[in-house]
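**Student:** Below is the structure I would like to discuss, written out as structure tokens.
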Amino acid sequence: MDSVDYYNKYANLYFDSTVNLDLSEILKRFMEYLEPGDTVLDLGCGSGRDSKIMLENGLEVTLLDASQELCELADIYTGVEPLCMDFREMDFHEVFQGIWACASLLHVGKDEIEGILNQILAALKPGGTFYMSVKKGSFEGFRRERYFADYSVEELQQLFQRIPEFRLIDIWETEDVRIARNQEKWLNVLAVRRTDLEAE
């Protein structure tokens, strides 16, 4: 079973267990870089929880997820039909002012992540903001029927150094918002696509 199969199989359970999680503080940090009417891609939208909040804050949100079952649930929840596709199928060119990838790119192998980030970079407008979150650690492989790639702060810093078109704003650690798993740590990344006029 790959990660998409997992989310298709357990879509209702996953929806119920994540739709009410409170990520408002992190969302607020991301939305500080955006204005009402800006276009945002929710990359790996899952339940549509974060998209719904961004929509309520006046952002124009495109939802995207590889799980057909989750796309159907997110459509019902948000009233916006998601694009059902794998990250690797993205082919956007300077479309979005913001890209939000909450707990989604952690399923991409480390041998592929740089390529995906370059696709994300291409999809962002110059000056656009990117957010991603991954689990903190050193593990890579299958865990609980899904593929995970965990990272250290240093690994993330080195990853973004290899893509100089991104300007790294911050990397910070948070606890898992699920009470039963608050011992698990997450790393959050905010970065901006440099403008043509921005100096290195």
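**Student:** All but one of (1) open to solvent by 50 Å² or more (accessible area, probe 1.4 Å); (2) modelled with pLDDT under 95 hold for Ile53, so report the exception by its number.
**Tutor:** It fails just one condition, (2).
**Student:** Taking into account only those residues within segment 87-141 that are of a type in the set (Lys, Arg) and more than 20 Å from Asp170 (Cβ to Cβ), which is least open to solvent (accessible area, probe 1.4 Å)?
**Tutor:** Out of the qualifying residues, it is Lys110.
**Student:** Cys71 versus (1) in contact with a helix residue (DSSP H, G or I) (Cβ under 8 Å, 6 or more places away or on another chain); (2) open to solvent by less than 20 Å² (accessible area, probe 1.4 Å); (3) not hydroxyl-bearing (Ser, Thr, Tyr): which is the lone unmet condition?
**Tutor:** (1)
**Student:** Among (1) out of contact with any helix residue (DSSP H, G or I) (no Cβ under 6 Å at 6 or more places or on another chain); (2) surrounded by fewer than 18 Cβ atoms within 10 Å (Cβ to Cβ); (3) without any contact (Cβ under 8 Å) to a residue 60 or more places away in the chain, which single condition is Glu81 missing?
**Tutor:** (1)
**Student:** Only one of Phe96, Phe92 is touching a Lys or Arg at 6+ places or on another chain (Cβ under 7 Å) and aromatic (Phe, Trp, Tyr); which?
**Tutor:** Only one candidate qualifies: Phe96.
The values are calculated or read from the model by the stated rules, or taken from the named source; none is laboratory data. Keep in mind that what you see is a predicted model, and the values were worked out from it rather than measured. Quick reminder, even Gly has a Cβ in these numbers, built from the backbone with ideal geometry, and neighbours come from all protein chains shown. Ligands, DNA and RNA are stripped out before the accessible areas are found, and what is left, the full protein with its side chains, is counted by its heavy atoms. Shrake-Rupley method; radii C 1.70, N 1.55, O 1.52, S 1.80 Å.
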